[in-house]
Amino acid sequence: MPDSSPLHRTSPEAQGVSSPALLDFIDALDKTISEVHGLVLLRHGQVVAEGWWAPYGPEIPHMLFSLTKSFTSTAIGLAVAEGRLAVDDLVLTFFPEKAPRRVSKNLAALRVRHLLTMSTGHKQDATGRAIAQADGDWVRGFLAAPVGHAPGKPFVYNSAASHVLSAIIEKVTGQSALDYLTPRLFEPLGIRPSHWERDPRGICTGGWGLMLRTEEIARFGQLYLQGGVWNGKRILPEAWVREATAKQVDNGADPRNDWNQGYGYQFWRCRHNSYRGDGAFGQYCLVLPDLDAVLAITSGANDMQAVLDVVWDRLLPAMHPAALPADPPAEAALRQRLQGLSLPAPEARPVSPLAAQVSGRTYDMAESELKIRTVRLDFTSQGGRLTVRQGANDHSAGFNYSGYCFGQSGLFADPGHGASVARLVAAQAAWVKEHTLRLTLRQCTAPFVFTFDFTFEADALTMEGKVNVYFGPTQFPAIEGKARTGG
């Protein structure tokens, strides 16, 4: 059964952390990073600060993106400890049936160690080649990619390499990475994974796809900080923790860049003798051994270095080697601040009289990359509901004028592809002009925040949109629509 024991909470000062300095850190995050969603700070194994920016919350899991890689690496470490494989095993020994017809010298020399350290010898990330494999066999696609250098150099970030690690786990254990890790890692740490994506062959995506709560990320970091021990029980070999988080390969020379400090086994080295797992748009598990601290952050940040810079500049000076004198007023102010965190809503004006005129009308939209076929808005005095046909799927989301409206929706679950995956969303709307409704749709389990302006003119509708972060364009082209006659 999962270990449901809560982490202990104490005052920051009891653990040598200044409450006023933590307030300054939170203010700096708010000022510098537009979309921080949650954080948990541990010092000496105790929670000294935690907070979520509404509408995000402690029980809502968050996409980890490449932070998943550190969990995949941990699965390899456990399998090594059980004698199921070694880091110097040749990759082709696990998949002889998937090898290309002609095996190059470099591919033949590829070892598990090279997958772990992103030093596979590829000249570029092989992920695109892997996922484009016609039969859905991403491992076969990875092995078919040309290996231009001898494995071991240079460092080339390669999510497909991480996926092959997940496939190796399944090969040597007969279980998915999720099923293998559940009794060995997740249950002992009290982690309840809500989702782990899989490839077309059913293999857990080793390079991304895991979803966890912020505190669960912090628990994972604390396990590594404690050398692989949790509640007095050894979970991971100490030697694995040491090797996985040490610099195994060079990845740059800029002393100010936290992506240039070396790479371990799916962990990044960073400044101040620290290391981290991280994922796109600011998902962090930051471990600070010299300060005996762990910081977990979930966010939707465009500039990931900026997040770390705030940590170095504002958080590190807040931590002292010994306990500080109690400061109840400052601690109370910090708690109040953390409990009242929220993200800004769109600026509103009074509800437009136009709402009653356009409510319930269906608009046929011009063809676009978003594959939006029809749009309908139904208004009430408190807000309303947006219904969209995207591709072959109908999606809807309720919205409020004041506060967020929560619900499950597949609307824009995968921007540009019309995916039918339903996610927890929170939506607000405001009439920013007499003829323009601005809708903000937050995918609460993801970093994505969509903003759409619906402008009504007679029987015409113009829909303009953007998303805060994405792997492609964040501005969507305007789409024109026309109201159907009679409804």
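Conditions tested, residue by residue: (1) in contact (Cβ under 8 Å) with a residue 12 or more places away in the chain; (2) in contact with a Gly (Cβ under 8 Å, 6 or more places away or on another chain); (3) surrounded by fewer than 19 Cβ atoms within 10 Å (Cβ to Cβ); (4) more than 24 Å from Val36 (Cβ to Cβ).
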position	(1), (2), (3), (4)
Ser194	yes, no, yes, no
Gln222	yes, yes, no, no
Arg234	no, yes, yes, yes
Val241	yes, yes, no, yes
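If I filter region 193-201 for residues that are within 21 Å of the chain's Cα centre (by Cα) and closer than 20 Å to Leu286 by Cα, do I get at least one hit? The answer is yes, given that some residue of region 193-201 is within 21 Å of the chain's Cα centre (by Cα) and closer than 20 Å to Leu286 by Cα. When we screen Ser73, Ser104 for residues that are among the polar types (S, T, N, Q), farther than 22 Å from Ala144 by Cα and in contact (Cβ under 8 Å) with a residue 24 or more places away in the chain, the only hit is Ser73.
Taken together, Leu7, Leu39 contain a single residue that is assigned to a strand (DSSP E or B), touching a helix residue (DSSP H, G or I) at 6+ places or on another chain (Cβ under 8 Å) and under 29 Å from Thr182 (Cα atoms), which is Leu39. Scanning region 51-67 for residues that are in a strand (DSSP E or B) and crowded, with 20+ Cβ neighbours inside 10 Å gives Gly51, Trp52, His62, Met63. Scanning region 227-273 for residues that are in a loop (DSSP other than H, G, I, E, B) and acidic (Asp, Glu) returns Asp250, Asp254, Asp258.
Number of residues in region 275-292 that are surrounded by fewer than 23 Cβ atoms within 10 Å (Cβ to Cβ) and touching a helix residue (DSSP H, G or I) at 6+ places or on another chain (Cβ under 6 Å) equals 1.
For first residues located in region 198-218 and more than 22 Å from Leu39 (Cβ to Cβ), partners that are at pLDDT 95 or above and hydrophobic (A, V, I, L, M, F, W, C) and lie 6+ apart or on another chain with Cβ distances below 6 Å form the pairs Arg198/Cys204; Asp199/Trp138; Ile203/Ala167; Cys204/Ala177; Cys204/Leu178; Cys204/Trp196; Gly206/Leu165; Gly209/Trp196. How many of the residues making up region 169-192 are in contact (Cβ under 8 Å) with a residue 40 or more places away in the chain and within 22 Å of Gly228 (Cα to Cα)? Number of matching residues: 14.
May I ask you to list the residues in region 88-101 that are in contact (Cβ under 8 Å) with a residue 40 or more places away in the chain and either touching a strand residue (DSSP E or B) at 6+ places or on another chain (Cβ under 7 Å) or among the β-branched types (Val, Ile, Thr) (or both)? Passing the criteria: only Val91. Taking region 275-296 as the range and being under 15 Å from Pro317 (Cα atoms) and assigned to a loop (DSSP other than H, G, I, E, B) as the test, only Asp292 passes. Looking only at residues in region 1-54 that are of a type in the set (S, T, N, Q) and in contact with a Lys or Arg (Cβ under 8 Å, 6 or more places away or on another chain), the one that is farthest from Leu185 (Cα to Cα) is Gln15. Screening Leu39 with (1) surrounded by fewer than 24 Cβ atoms within 10 Å (Cβ to Cβ); (2) under 30 Å from Gly262 (Cβ atoms) gives one miss only, at (1). Whenever a residue of region 357-379 is of a type in the set (Gly, Ala, Ser) and in a loop (DSSP other than H, G, I, E, B), its partners that are modelled with pLDDT of 95 or more and surrounded by fewer than 16 Cβ atoms within 10 Å (Cβ to Cβ), lying with C-beta atoms within less than 8 angstrom and at least six residues away or across chains, give the pairs Ala366/Glu480. A search for C-beta distances below 6 Å between a residue of region 310-339 that is under 20 Å from Asp27 (Cβ atoms) and any residue that is among the acidic types (Asp, Glu) and surrounded by 15 or more Cβ atoms within 10 Å (Cβ to Cβ), counting only pairs 6+ apart in sequence or on different chains, returns Arg314/Asp24; Leu324/Glu13; Asp327/Glu13. A single member of Gln428, Gln475 is out of contact with any Ser or Thr (no Cβ under 9 Å at 6 or more places or on another chain) and under 30 Å from Gly38 (Cβ atoms), and it is Gln475.
Residues in region 412-435 that are modelled with pLDDT of 85 or more and buried (at least 18 other Cβ atoms within 10 Å of the Cβ): Arg423, Val425, Ala426, Ala427, Gln428, Ala429, Ala430, Trp431. Looking only at region 78-105, filter to residues that are in a helix (DSSP H, G or I) and under 33 Å from the mean Cα position of the chain (by Cα); which one of those is surrounded by the most Cβ atoms within 10 Å (Cβ to Cβ)? Per the stated criteria, the residue is Val91.
Among the residues of region 280-309, which ones are small (Gly, Ala, Ser), closer than 18 Å to Pro58 by Cα and either without any contact (Cβ under 8 Å) to a residue 12 or more places away in the chain or out of contact with any Gly (no Cβ under 6 Å at 6 or more places or on another chain) (or both)?
Filtering region 280-309 for residues small (Gly, Ala, Ser) gives 280, 282, 293, 296, 299-301, 306.
Next, only the ones that are closer than 18 Å to Pro58 by Cα stay: 282, 296, 299-300.
Within region 280-309, Gly282, Ala296, Gly300 qualify.
The values are calculated or read from the model by the stated rules, or taken from the named source; none is laboratory data. All values derive from a computational prediction rather than experimental measurement. Because the Cβ atoms are built from the backbone with ideal geometry, glycine has one as well, and the counts that use them run over all protein chains shown.
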